[in-house]
């Protein structure tokens, strides 16, 4: 797999009124290859969401570089889809309108809707939106509903479809399932894992839930401080080989428990010396 994302000596400082700047991240070096599913864990305030926003292009590092395909990109683009914790849907648009909004606005804007090509291309975009609707496990009858008529799980399915219709190289998910009830969360975990297995989209998934990280990802990165007064950096970079998974692709129970303990230890600073844990180690 080729390199897709690189964080090189990245640091982030936030100014605090009347005080010194607060260092959130320092000396973060991380490479993510095309097609990887990487979960990012760590305690609250360790910079997980900040790192995701930098990869999205919505925030710039104070020091170092964030490279996508070897290039620094100044702003978000269609190659980086984003699914936040809170549902990112337009309340005045239907489910179908929400999913189709991105490509329709990108290709035509407002004025472009007067062009002869618009109606034909609009039909193509909406056909793709219906396909994604079905892939998300929703019914065609749901396409005419508005967000306030949907459950939390349904809204998040629509938000994922809204990101995927742009065919991004990278899908960034920031605590995307944390507001869901346990049953719906399990359904969504299986859904996103099946999407990744099907099309190989590179996924970065921020979560506080370590078991969820092990369940979903083929690699887990832990951010945290290696001293009480320090800034956050990469404390653990854990590959999860296929040997620890069942034929259905999910971790064996014994490996789930073992790997969860390793990650928990790193997240609380019990094993800050770890950088890579080999399978069976």
Quiz item: Can residue 212 be described as closer than 27 Å to residue 183 by Cβ, modelled with pLDDT under 85 and buried (at least 17 other Cβ atoms within 10 Å of the Cβ)?
Solution: no
Quiz item: Taking the stretch 31-63, which residues are surrounded by fewer than 20 Cβ atoms within 10 Å (Cβ to Cβ) and in a strand (DSSP E or B)?
Solution: 31, 33, 63
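Residue by residue through the stretch 64-80, note down the ones that are assigned to a strand (DSSP E or B) and either surrounded by 15 or more Cβ atoms within 10 Å (Cβ to Cβ) or touching a strand residue (DSSP E or B) at 6+ places or on another chain (Cβ under 8 Å) (or both).
64, 65, 66, 67, 68, 80
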Quiz prompt | Single residue of the stretch 81-124 satisfying the filter (modelled with pLDDT under 80 and under 18 Å from the mean Cα position of the chain (by Cα)) that is surrounded by the most Cβ atoms within 10 Å (Cβ to Cβ) | solution = 87
Quiz item: Among the candidates 154, 166, 173, which residue alone is free of Cβ contacts under 8 Å to residues at least 40 places away in the same chain and under 19 Å from the mean Cα position of the chain (by Cα)?
Solution: 154
Exercise. Please verify whether the stretch 222-236 includes one or more residues that are modelled with pLDDT of 85 or more and closer than 18 Å to residue 1 by Cβ.
Key: no
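The values are calculated or read from the model by the stated rules, or taken from the named source; none is laboratory data. Please read these numbers as outputs of a predicted model, since none were measured by experiment. Ideal geometry is used to build each Cβ from the backbone, glycine not excepted, and the neighbour counts take in all protein chains shown.
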